[in-house]
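Since every read-out is calculated from the coordinates, none of them should be taken as a lab result. What you are looking at is a predicted structure, and each value in this text was computed from that prediction instead of being measured. Counting neighbours? That spans all protein chains shown, and the Cβs are built from the backbone with ideal geometry, glycine included.
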Amino acid sequence: MSGPSGAGKSSVVEGLAKLLPFHFSVSMTTREARPGEVEGVDYRFVDRRRFQEAVAAGDLVEWAEYGGNLYGTPWDEVTGPRHRGQDVLLDIELVGARNVKHAYPEAIMIFIAPPDLAELERRLRARGDTSDADIARRLEVARLQMAEAPGLFEHLVVNDDLGAAVGQVAGILGVVPDPGGPS
Ligand code: 5GP
């Protein structure tokens, strides 16, 4: 799963977890934890030296730089669960998504888009923990990603209404939506 930050991927993942079992791949990042984020649950927060060691040791399936920080998927987040027969859900940006598709051609590629860039900006500002410069950078990256997405992703889900977006993703993954379920 990919999409601009502020498109609501984390909320979609949370909603999806109520509908079907999967392992959420916890990425390694050099970004600072945001308020409320938990080490080992949202990310493995590390410094650049530790991240570069992981790259050099071949511990990452893929990695990319985004907004001045490094992000990567540890192999053990993918191989362990897969050996146990679990599906694995990755929330990663486009460069990483392309590399994962290369390593795992069977991967289901879903792009979560905001209704439009104005709404994306509103959501990023509402977060309250992102500077103006960072918001501008993220909006520019979002614009580029939304232009590039159609060639890479098999599915596009516009997250206008969260319940509907979760339902659509569940449908893509083969879950029949429960009308009485979470909305
Ligand atoms: P955020 O800082 O908002 O949590 O994430 C910024 C971007 O990094 C998002 O697009 C997110 O999907 C992406 N990202 C998170 N983890 C990984 C990862 O392991 N690899 C790659 N390539 N991107 C990631």
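Observations, loosely collected:
- The chain - charge dipole about Cα centre, Lys and Arg +1 at Cβ, Asp and Glu -1, debye rounded to 20: 120 debye
- Taking every DSSP beta bridge that has both ends in region 34-183, the antiparallel portion is near 55%.
- When the chain is described by a simple charge dipole with +1 on each Lys and Arg Cβ and -1 on each Asp and Glu Cβ, the residue from L70, S131, V175 located farthest towards its positive end is L70.
- Averaging over all projection directions, the Cα-based convex hull of the chain occupies 10.5 nm² in the image plane.
- When each of Y71, Y66, Y104 is scored by the number of other beta-carbon atoms lying within 10 Å, the sequence from fewest to most is Y104, Y66, Y71.
- Computed over neighbours whose Cβ is under 10 Å from that of R98, the net charge equals -2, Lys and Arg +1, Asp and Glu -1.
- The residues neighbouring D160, those whose beta-carbon lies less than 12 Å from its own, together hold a net charge of -2 under the Lys/Arg +1, Asp/Glu -1 convention.
- Across the chain, Cα pairs under 8 Å and at least six residues apart give a relative contact order of 31 percent.
- For E148, the shell of other residues with beta-carbons less than 11 Å away shows a net charge of +1, using +1 for Lys and Arg and -1 for Asp and Glu.
- The residue among G163, L89, S27 whose Cα reaches farthest toward the positive pole of the charge dipole of the chain, with charges on the beta-carbon of Lys, Arg, Asp and Glu, is S27.
- Cβ-to-Cβ counts within 10 Å put R137, R84 in ascending order as R84, R137, the fewest first.
- The longest part of the chain holding none of the exposed loop GluC sites (Glu not before Pro), meaning those outside H, G, I, E and B in DSSP with at most 12 other Cβ atoms within 10 Å, is 33-105.
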